[in-house]
1. Could you look through segment 316-331, keep only residues that are of a type in the set (Asp, Glu) and open to solvent by 20 Å² or more (accessible area, probe 1.4 Å), and pick out the one that is farthest from Gly270 (Cα to Cα)?
2. Restricted to segment 180-207, and to residues that are open to solvent by 10 Å² or more (accessible area, probe 1.4 Å) and not in a helix (DSSP H, G or I), which residue is nearest to the ligand (Cβ to nearest atom)?
3. Please specify each residue of segment 85-136 satisfying the condition of being touching a residue at least 60 places away in the same chain (Cβ under 8 Å) and acidic (Asp, Glu).
4. If you scan segment 296-315, which residues turn out to be closer than 16 Å to Pro176 by Cβ and open to solvent by less than 10 Å² (accessible area, probe 1.4 Å)?
5. Find all pairs meeting these conditions: Cβ atoms under 7 angstrom apart; at least six residues apart or on different chains; first residue within segment 2-29 and among the small types (Gly, Ala, Ser); second residue open to solvent by 40 Å² or more (accessible area, probe 1.4 Å).
6. Select, from Ile213, Ile251, the only residue that is farther than 19 Å from Ala310 by Cα and aliphatic (A, V, I, L, M).
7. Which of the helices (runs of 4 or more DSSP H) contained wholly in segment 216-333 include at least 2 residues that are at pLDDT 95 or above, within 15 Å of the ligand (Cβ to nearest atom) and over 28 Å from Gly197 (Cβ atoms)?
8. Quick check on my filter: what residues within segment 161-179 are more than 16 Å from the ligand (Cβ to nearest atom) and open to solvent by 10 Å² or more (accessible area, probe 1.4 Å)?
Amino acid sequence: MATMVTGQREQIESKVQQGLRLSSEEGLALYQEPDLEWVGSLANLVRERRYGKRTTYIVNMHLNYSNLCTLSCMFCAFARKRDQPGGYEMSLQEMLERVSILKDAREPEIHIVGGLHPDYPYEYYPKLLALLRQTYPTAHLKAFTAVEIDYFALLAGRSVDWVLQDLREHGLGSLPGGGAEVLTDRIHQKLYRDKMGPDRWLEIHGIAHRLGIRTSATMLYGHIETDEERVEHLVKLRQLQDQHAGFLAYIPLRFHPDNTPLKKLPLRSGDEVVRQVALGRLMLDNFDHVKAYWIMSGLENARRAQFFGADDFDGTVVDERITHMAGCDTPVGMTEESLQQMIRESGRDPVRRNGLYEILN
Ligand code: V47
């Protein structure tokens, strides 16, 4: 690992203390800094300055309506073609039954994501939202990645603007941050060539923000990306956020290699998990929230991440499939009480929020 040039450490520290924006070079230096605890302490400073000891969490569930997908991304263990074993489609009835677990929850979130289904017509998607909204009027529907939205526009023969507004009328609350992967042309070409590239992902989030639809942003790290590419990704998110401030949160996602074409790659360490969180907090000075997603990062790492810049712990997460099909061994969900206890035992104060990060008393 490279060491910092003389004075760079002091310079970074002083900028963080004053709340000044870090450059790409400084971001790269933080990725390569051997003293991880120091990097974490800077991120923690920013986090505690804004949120004190508070860690927010959400009562939520994932609804992965089908894994049939026309794409073939190298990092994905979830997708299936029609003729492959393991493909599934949930019926509307089955989805309503699964979601009924939230029926007494106050303002829960339903995170709805699927493959690019080969046959469903566009009308299926607003219908699904409308049904969920009708059955659970207080639920926040965080639904469909930018990749799905782009596909729906193709299916409907309409613009992305039109699709987003139509979905909002049927109950869409916000867009999740998936599908960003690593926003560089090299990673796009190597790992997800037939899916939309970085510019289009950013464009669709920009359109959503312009319409007043809030979104999240992720980065899928821990495969073949370089530190330079990670910085490029963060800077692109920061630039878009400067325009409309539409991102609610940043969520770094640890890559799980099992059952994917990249299965020979190792799962990245806990140190790497918390460094990604810290870099998100330090580089994304215009993002309010950085989320520890325990399903992908592992519980222990997510606990530690609360001291490396994360102010949010996601969530009760009933029934996640995308990572569990890639060999992830965390539980598929947690009760609200155990989530609160975990946050408390790690030295933070649990505070429940809704899908727009508003505090629920
Ligand atoms: O886009 C795919 C990633 C994403 C694997 O917005 C994998 O709040 C690890 O985006 N190993 C979907 N990751 C999940 C996602 C998400 C999760 C939690 C919260 C939010 C949010 C968004 O999962 C995909 C892709 O980047 N993914 N395969 C894998 N093998």
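The values are calculated or read from the model by the stated rules, or taken from the named source; none is laboratory data. What you see is a predicted model; the values in this text were computed from it and never measured. FYI the Cβ positions are ideal-geometry reconstructions off the backbone, even for glycines, and counts take in every protein chain you see. For accessibility, only protein heavy atoms count, side chains too; no ligands or nucleic acids. Shrake-Rupley method; radii C 1.70, N 1.55, O 1.52, S 1.80 Å.
1. Among them, the one singled out is Asp319.
2. Looking at residues that are open to solvent by 10 Å² or more (accessible area, probe 1.4 Å) and not in a helix (DSSP H, G or I), I get Glu181.
3. Glu107, Glu109
4. Asp312, Asp314, Gly315
5. Qualifying pairs under 7 Å: Ala2/Gln32.
6. Going through Ile213, Ile251 in turn, the sole match is Ile213.
7. In segment 216-333, 299-305 are the helices (runs of 4 or more DSSP H) which contain 2 or more residues that are at pLDDT 95 or above, within 15 Å of the ligand (Cβ to nearest atom) and over 28 Å from Gly197 (Cβ atoms).
8. Of everything in segment 161-179, those that are more than 16 Å from the ligand (Cβ to nearest atom) and open to solvent by 10 Å² or more (accessible area, probe 1.4 Å) turn out to be Asp161, Trp162, Gln165, Asp166, Arg168, Glu169, His170, Gly171.
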